[in-house]
Amino acid sequence: MLPVCSALLLLNNSCGAQRTSGLVNFLCALLCQEYMIHHNPFLSLSLSVGDITQKGYEKKRGKLLAPYIPQIQGVDPSLQIEHRIQTSSQVAPPGSKQNKPRAANSRDECFRSDLHTEAVQAALAKYKERKMPMPSKRRSVLVQSSVEACTPPDTSSASEDEGSLRRQGRIASSSPYQAHPSVEHWFNRVIQGSSTSSSASSTSSHPGGRPHHATNTTSASAATVLADLMAHTQLDNHSAPPDVTGLSERSVHAERPQVASVRGLPRGYTHTSVMETADGVPVNSRVSSKIQQLLNTLKRPKRPPLREFFVDDFEELLDVQHPDPNQPKPEGGEMRPLNGEPLGVVTNWPPSLLASLQRWGTTQPKSPCLTALDNASKPIYTLTYGKLWTRSQKLAYTLLNKLSTRNEPLLRPGDRVALVFPNNDPVMFMVAFYGCLLAELVPVPIEVPLTRKDAGSQQVGFLLGGCGVTLALTTDACQKGLPKAQTGEVVTFKGWPRLLWFVTDGKHVVKPPKDWHPPIRDASNEIAYIEYKTSKEGSTMGITVSHSAMLAHCHVLTQACGYTEGEIITNVLDFKRDAGLWHGVLTSVMNRMHVISIPYSLMKVNPLSWIQKVHTYKARVAVVKSRDMHWSLLAQRDQRDISLSSLRMLIVADGANPWSISSCDAFLNVFQARGLRPEVICPCASSSEAMTVAIRRPPEMGVPPPGKAVLSMSVLSYGVIRVDTDEKLSVLTVQDVGQVMPGALVCVIRVEGTPYLCRTDEVGEICVSSSSTGISYYGLPGMTKNVFETIPVTSSGAPISDRPFTRTSLLGFIGPDNLVFVVGKMDGLMVVSGRRHNADDVVATALAVEPMKFVYRGRIAVFSVSVLHDERIVVVAEQRPDASEEDSFQWMSRVLQAIDSIHQAGVYCLALVPANTLPRAPLGGIHSSETKQRFLEGALLPCNVLMCPHTCVTNLPKPRQKQPGTELGPASMIVGNLVAGKRIAQACGRDVSQLEDNDQDVLQWRAQATPDHPLFLLLNAKGTVANTASCVQLHKRAERVAIALMERGRLNAGDHVALVYPPGIDLIATFYGCLYAGCVPVTVRPPHPQNLATTLPTVKMIVEVTSISECSTCCLP
């Protein structure tokens, strides 16, 4: 109050006591009024709680303010105040929803004033009538248009009264302000021009009309003017006289001499201290915040509209990663499908692989087929083609005729059989594989489960269960090494079906009779074998290969590699799958080749063993991996009398890995002096789905020289090929994997979306159309259609061929001379912020940072996890025991810097775990999918962790705001339906009212259509099969029961029959027998023989309740 009183004194001194006494008194009255309202708790509380009426409240307030309000002749001061309040309450136009009168007991006078409410409502009404748009920024009330241009006509009595008072104040000759008309005129201009004043004078709407209340004094008009002015001004504690030079030019020229006398307006009364309401009306900043909140509350409903519940804004909060407009884009033309050379026609080519085995087994029985080595690198057994043929016949006969349950064969042609053989026994595996083929069974080779918690063992069990495998073939030594239960039987591994284990050693098989011969049929589209594959997510799928595809693949490999009869091949790979199976088990038998199998256990002891066997046996072909070549380099100093001059092909099975080129070059540099020729190294690309995709041909076949490409890794992450001639660190040097296989059609399609053909300088997924590829994923028709039945299309949408293509999961392109280049695999692809990174590339970068001192070189896994709808890179490695924590963190920091510098990608997490704790693959590598699963479950238990989310998580949630063009998500649909009161979902089965067949008719039809199909299998307490029932067996037993009921029981249709049977096949057969006879079966649990006193009354009660008459029969066992 003190600064305000000082301002009043200043105004009183400047204008003179005589001239301004009325003005000062009225200002004091208004200030006292506000002060009494806000600071008199008793008066306000009495009104709020209802102890005093509104009229009494106005009278008491009038008495308190009477000494400060100028007296009007003949009018009581309290009535003057009451009249002013009543006048202000009538300003709002009728019909407005926001201007409804409030009850007297609901007023909160502590936080609002009628003068402010009156001004705001009048301004809102004026803007509503003018229908002006809301202003975009704050404006000052000092810069407003005149009242003639802005004020609409108004017929309310309050507007006329206030306008009359203003006009009376301007024309009264006895007014104390007559000597200074400019002050009152300036006040009126400000009030009339502002948006928050009361309604203007109605003179324009009533021409010639006389003003009301002509007897009011001049002080009353001044009081009304200043009351309106106080509604728009802010009395700042640190205010100063305003600078009125900012008025319009006309007002400055007309009223410049009188401006100096106006001292009451504060300096803060500018556009910075005036805010706007919801309709763009400038009001006082101190009070407008409350009014703004009130208006926003009235305009905004308490709950959002129903349509807003259907907007899923979770993804909207994430920052959208917009593609870089300067990122490289492919510029070449659309590629054309590439055809391989024609598949040659061989006159004496056998009609099937089994026919070839029969041919060599009978005509060349002593020709060596396979030589197995022990861990001392000594040959332990050489399998000849004659032995392979006879032992396979014995096993086939035993499987079909000597394995039975209850006089029924256990296996039938087409059944799947698991082959569980260790990696150091290729002879028994080869016999079991061809024995299954001769018996027309489908072999499913899998790895030997060592423990119940092997990595990926549960997924392998899921594959066996999906294939319906009930029998597993193994060796005696392997069966003894499997985990056993307390009963001595092999335990049931987690997720595996119950299997019957059969040992294929000689003493367990039977020699077939002389008149028994296995069926040797031509190659057909029937399934020959199933090869398992582990996907990126860790699931195991079975890839089916037909007999015709198996034969065609042997033909293709024979032509591409130039295989001849009697050649010696050294195989270091796993003989149960991929290239080890194709070259060492299938194609070798087709061409009567001699295979020297190097077990993995021997390679760990003696990495040079395969080179020694090449030198000893003068092998012409060797099938290895780049890992084997690298291990040989580390141990080659101990061997000096080694010659590799006999090799004509050194097939690198993992040539599709871009980083295999370093091992190839290093191996060539070392062993070139020992007879190895550069053109002998032949990398190849293959996949489980398409088998061999491309292979570099031997030099004598007249092929172009090998090629290399130095590609920019940064540009490659965008899927674009750019040759980088500068020697930089962020380059990738790749070697070709040769030409397309004979008879194949190859193209490159885009990785995501519609399979459009890529451009010539664009990286995509390689697809193959050939007769030598897999045909399906067993039991997965949806995935089969997506992978094995792809139809590539051109940019115009036209298919390039009527033949389906098979996706190979290889990322690459077709280079010069029609050479195939592979830069990565789909299983290792990580898309981070729209850029593609390969896991092998990141592994190579991490291993380049002095890994030998801190981590094990071959024990590192790189994968991606999803965080905030984007993939993040995770690196996990095994730490050496002698590495300190400080040294490990320094190495981890350098790895992060290297990956960021070379790949321009941040690492989300880098974890080091203790040695020998990461899950292993069957051949010793790290099981990446299982490692990822443990990371997500928090079961890795790392010893050092370096989390760097700030460097890679760049799409953090942004402030909540309305995003246009958003689509509806599943969560928003559920919430919207809940709010709307709709049912979430309902499911309806198919209409069965039209079905006329009953249960017994279906069983009779099944007995004729599929008589041998097993319906029920009864197990005993030990888990073995005790009884079975096929369709025809169940039908015959039900017929016998029905005849007995009708002939012996003399029952009629509709009679009830109690079936007192324990759960089993007898109960099921009797149930269907009752249906055959037209009776109603009532199943009753049989009484317990040791507790008849308690269980027998229950049976009696059920018989009585079900109305079984005396003519009914109880069928007891």
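The values are calculated or read from the model by the stated rules, or taken from the named source; none is laboratory data. All of these numbers come straight from a predicted model, not from anything done at the bench. Cβ sites come from the backbone with ideal geometry, for glycine too, and all protein chains shown count toward neighbours. These area figures cover heavy atoms from the full protein model, side chains too; ligands, DNA and RNA do not enter into them. Shrake-Rupley method; radii C 1.70, N 1.55, O 1.52, S 1.80 Å.
Observations
- Residue list for region 573-599, filter: in a loop (DSSP other than H, G, I, E, B) and on the phi < 0 side of the Ramachandran plot: L573, D574, F575, K576, R577, N591, M593, I598, P599
- Test: L1075 is open to solvent by less than 50 Å² (accessible area, probe 1.4 Å), in a loop (DSSP other than H, G, I, E, B) and either touching a helix residue (DSSP H, G or I) at 6+ places or on another chain (Cβ under 7 Å) or under 30 Å from L499 (Cα atoms) (or both): no
- Among the residues of region 468-514, those that are part of a strand (DSSP E or B) and open to solvent by 60 Å² or more (accessible area, probe 1.4 Å) comprise K484, L500.
- Conditions (1) in contact with a Pro (Cβ under 8 Å, 6 or more places away or on another chain); (2) modelled with pLDDT of 95 or more: number failed by V442: (1)
- Among residues of region 495-521 that are more than 30 Å from G465 (Cβ to Cβ), those with a Cβ under 9 angstrom from a residue that is in a loop (DSSP other than H, G, I, E, B), sequence gap 6+ or separate chain, pair up as P512/P518; I520/P351; I520/S352.
- Checked against (1) out of contact with any Leu (no Cβ under 6 Å at 6 or more places or on another chain); (2) free of Cβ contacts under 8 Å to residues at least 60 places away in the same chain; (3) of a type in the set (G, A, S), S770 passes all but a single condition, namely (2).
- Here M430 passes the criteria (1) open to solvent by 10 Å² or more (accessible area, probe 1.4 Å); (2) part of a helix (DSSP H, G or I); (3) not small (G, A, S) except the one numbered (1).
- Hey, V734 over 31 Å from the mean Cα position of the chain (by Cα), within 21 Å of A844 (Cβ to Cβ) and open to solvent by less than 50 Å² (accessible area, probe 1.4 Å) or not: yes
- Checklist (1) out of contact with any helix residue (DSSP H, G or I) (no Cβ under 9 Å at 6 or more places or on another chain); (2) open to solvent by 20 Å² or more (accessible area, probe 1.4 Å) applied to A656, failing item: (2)
- Criterion violated by T845 - all others in (1) touching a helix residue (DSSP H, G or I) at 6+ places or on another chain (Cβ under 7 Å); (2) assigned to a strand (DSSP E or B) satisfied: (2)
- Qualifying residue in region 812-826 (condition: more than 24 Å from L343 (Cβ to Cβ), among the small types (G, A, S) and surrounded by fewer than 23 Cβ atoms within 10 Å (Cβ to Cβ)): no
- Test: residue in region 913-922 that is part of a loop (DSSP other than H, G, I, E, B) and hydroxyl-bearing (S, T, Y): yes
- Residues located in region 523-554, provided they are open to solvent by less than 40 Å² (accessible area, probe 1.4 Å), within 26 Å of the chain's Cα centre (by Cα) and among the charged types (D, E, K, R): K533
- Hits in region 1022-1057 - residues which are in contact (Cβ under 8 Å) with a residue 40 or more places away in the chain, open to solvent by less than 30 Å² (accessible area, probe 1.4 Å) and under 27 Å from A1009 (Cβ atoms): A1029, L1045
- Test: residue in region 530-548 that is out of contact with any strand residue (DSSP E or B) (no Cβ under 7 Å at 6 or more places or on another chain) and either among the hydrophobic types (A, V, I, L, M, F, W, C) or over 21 Å from I446 (Cβ atoms) (or both): yes
- Looking across region 741-756, just one residue is surrounded by 22 or more Cβ atoms within 10 Å (Cβ to Cβ), assigned to a strand (DSSP E or B) and either modelled with pLDDT under 95 or not β-branched (V, I, T) (or both), and that is C747.
- Applying the set (1) more than 30 Å from Q933 (Cβ to Cβ); (2) assigned to a loop (DSSP other than H, G, I, E, B) to H555 leaves exactly one unmet item: (2).
- For region 622-640, the criterion of being open to solvent by 10 Å² or more (accessible area, probe 1.4 Å), assigned to a loop (DSSP other than H, G, I, E, B) and free of Cβ contacts under 8 Å to residues at least 12 places away in the same chain is satisfied by at least one residue.
- Screening G461 with (1) open to solvent by less than 10 Å² (accessible area, probe 1.4 Å); (2) at pLDDT 95 or above gives one miss only, at (2).
- The residues listed here are P1063, P1081, P1089, P1011; of these, the one that is more than 28 Å from L410 (Cβ to Cβ), outside any helix (DSSP H, G or I) and modelled with pLDDT of 85 or more is P1081.
Results for (1) in a helix (DSSP H, G or I); (2) closer than 20 Å to G719 by Cβ; (3) over 19 Å from the mean Cα position of the chain (by Cα), shown as yes or no for each residue.
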residue: R836; (1), (2), (3): no, yes, no
residue: D840; (1), (2), (3): yes, yes, yes
residue: E878; (1), (2), (3): no, no, yes
residue: Y908; (1), (2), (3): no, no, no
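- Residue ID - farthest from R835 (Cα to Cα), chosen from residues in region 865-879 that are surrounded by 18 or more Cβ atoms within 10 Å (Cβ to Cβ) and in contact with a helix residue (DSSP H, G or I) (Cβ under 8 Å, 6 or more places away or on another chain): Q879
- Scanning region 800-834 for residues that are basic (K, R) and within 18 Å of the chain's Cα centre (by Cα) returns no hits.
- Listed by position, the strands (runs of 3 or more DSSP E) contained in region 671-719 that have at least 2 residues being open to solvent by less than 30 Å² (accessible area, probe 1.4 Å) and of a type outside the set (A, V, I, L, M) are 681-687.
- Qualifying residue in region 954-961 (condition: open to solvent by less than 70 Å² (accessible area, probe 1.4 Å), of a type in the set (A, V, I, L, M) and either at pLDDT 70 or above or out of contact with any helix residue (DSSP H, G or I) (no Cβ under 9 Å at 6 or more places or on another chain) (or both)): no
- Checking each residue in region 852-892 for being free of Cβ contacts under 8 Å to residues at least 40 places away in the same chain, of a type in the set (D, E, K, R) and under 27 Å from V831 (Cα atoms) picks out only R857.
- The strands (runs of 3 or more DSSP E) falling completely within region 325-421 that include 3 or more residues that are open to solvent by 50 Å² or more (accessible area, probe 1.4 Å) and out of contact with any Cys (no Cβ under 7 Å at 6 or more places or on another chain) map to 379-384.
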